[in-house]
Amino acid sequence: MSLKEALQKKSPYVYLLPEGTVQGQKVPVYFYLSERLLELLEEDAIRQAANAATLPGVVKAIYVMPDVHVGYGFPVGGVMATDTKEGIISPGSIGYDINCGVRLIATSLTADKVYPVREKLMQEILRNVPAGVGSTGKLKLSKKELAEVLVKGARWAVERGFGFEEDLQHIESEGALPGADPSKVSNTAYERGSGELGTVGSGNHFVEIQVVDEIYDEEISETLGLYEGQVTIMVHSGSRGLGHQVCVDYLKVAKDSLAKYGISLPDMQLACMPFSSPEGQSYFGAMKAAANYAFANRQILGYLTADTVRRFFGLSWEDLGYRLIYDLAHNIGKVEKHRVNGKVMELVVHRKGATRAFPPFHGEVPPAYRSIGQPVLIPGDVGRYSFLLVGQERSMEMSFGSACHGAGRLMSRSKAKELVRREGLEKVLEGLVVVAKGKGTIAEEIPQAYKDVSEVVRVVHELGIAKLVARMRPLGTLKG
DNA sequence: ATGTTC
């Protein structure tokens, strides 16, 4: 029997793989899916989530979001929590792109002003915002300067003039995870990171000019200062080569220490170390340093893009109406307190392709958003809508305070490129304004290669994990 | 995702 056949439908959108379904599975796995998304669920993704449920110190349940797909060891869209005392930390369950995340900036511009000049504006953004694999920015940091970035995160960028002090309040963890340890980051990672700060990268990463296209919740939109026809800027990027190298380095450390800690695994890609061990603490310190690099990266990218828009229209910052709505991580590990069987426990929450979605009045929701809940930003893929939701109370019991992160791939990169070869890029993109350094990335990232993100956000909305607030449509997209 | 098969 396949694992998919072992899934039990518990209620609309909730599918359970009971504990003990696979050898050594200590906790159940919950999949949050519509019937259509269930059809797309890969057997290997179910296997990966079940494998993680065998790891030492795993707590309560593994939760899988509707945008699930197979990843390295642990599925993208997966949430796992482990006990800080008895449990492990798993680099593969956080992901290669540490603190890959999203930033949304509001402006006072309206679409009628931007739409007619969108191609010219995007060419200007292409000139000013570095993108592409291995691209480098204007900054070239010494090891000492980079170590400062790794500790200060977004604040470092603000101090260098990339943005404003008040931005920091609207970033998850104020844009700097405490306890980052730059001494645990390898020289190779430093070398890869020294020239890449303030660059977009490749793959599904982008910088986009959008218009607020539909409002689902008037009252919450008003609190956020969002209205139909308003132009927004979205940044989707991460920790670039530096975070990638941290993951590579500590997967090796984890593999090399498995025997020492008596950890046996169903899949070597889940190589991990006890959280409280020296190896676990070194990875956690390095992971937080990489996360802070990503916060600084998005701070710079958001500022550079907004500044380009501002100059293009000849506006002051005040007239542009630059305002950071929120910035969040969707690939990260964090120590958080959660209620498990009526008891508050300190847990290492692994979110891989999953967004934190704390409800109204949670202590980590910024004061301005306290009564509405934490903004949850869901980036669309090329040519697709992006969404803004807010975290809801049920996320705390259903997913350790987490929601989905995006659409998830439907078509392999090679299949996408084949489609572009057959049909031609112009036809496939039908009128979308997409600028890029090279042609290769766009071909792999065409809209047809991704699942429908609207369906994904509908599931978390229906479940009461996060509430739909607004939808944004792209006016122009910068890709790597 | 990624100095994209270091």
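For the range A:308-338, residues that are over 20 Å from A:Glu364 (Cα atoms) and either touching a Ser or Thr at 6+ places or on another chain (Cβ under 8 Å) or open to solvent by less than 20 Å² (accessible area, probe 1.4 Å) (or both) total 7.
Please work out which residue is surrounded by the fewest Cβ atoms within 10 Å (Cβ to Cβ), limiting yourself to the range A:177-209 and to residues that are among the β-branched types (Val, Ile, Thr) and farther than 15 Å from A:Gly480 by Cβ. Only one residue fits best here, namely A:Thr188. How many residues does the range A:14-54 hold that are open to solvent by 50 Å² or more (accessible area, probe 1.4 Å) and closer than 20 Å to A:Ser395 by Cα? Looking only at that region, the number is 1. Scanning the range A:444-462 for residues that are open to solvent by less than 20 Å² (accessible area, probe 1.4 Å) and within 11 Å of DNA strand B (Cβ to nearest atom) gives A:Glu445, A:Ala449, A:Tyr450.
When A:Val114, A:Val129, A:Val102 are screened for being farther than 26 Å from A:Ser412 by Cα, within 15 Å of DNA strand B (Cβ to nearest atom), out of contact with any Gly (no Cβ under 7 Å at 6 or more places or on another chain) and open to solvent by less than 10 Å² (accessible area, probe 1.4 Å), only A:Val129 passes.
Every residue, every condition in (1) under 23 Å from the mean Cα position of the chain (by Cα); (2) more than 24 Å from A:Phe74 (Cβ to Cβ); (3) among the charged types (D, E, K, R), yes or no:
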position	(1), (2), (3)
A:Ala271	yes, no, no
A:Phe295	yes, no, no
A:Leu301	yes, yes, no
A:Gly321	no, yes, no
A:Tyr326	yes, yes, no
A:Val349	yes, no, no
A:Ala354	yes, no, no
A:Ala368	yes, yes, no
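Considering only residues in the range A:416-443 that are among the basic types (Lys, Arg) and either at pLDDT below 90 or more than 14 Å from DNA strand B (Cβ to nearest atom) (or both), the one that is surrounded by the most Cβ atoms within 10 Å (Cβ to Cβ) turns out to be A:Lys437. Looking only at residues in the range A:220-250 that are open to solvent by less than 10 Å² (accessible area, probe 1.4 Å) and assigned to a helix (DSSP H, G or I), the one that is nearest to A:Val309 (Cα to Cα) is A:Leu224.
The values are calculated or read from the model by the stated rules, or taken from the named source; none is laboratory data. Note that the structure is predicted; figures quoted are calculated from it, not measured. Glycine gets a Cβ as well: all are built from the backbone with ideal geometry, and neighbour counts include every protein chain shown. Quick note on the areas: whole protein, heavy atoms, side chains included, nothing else; ligands and nucleic acids left out. Shrake-Rupley method; radii C 1.70, N 1.55, O 1.52, S 1.80 Å.
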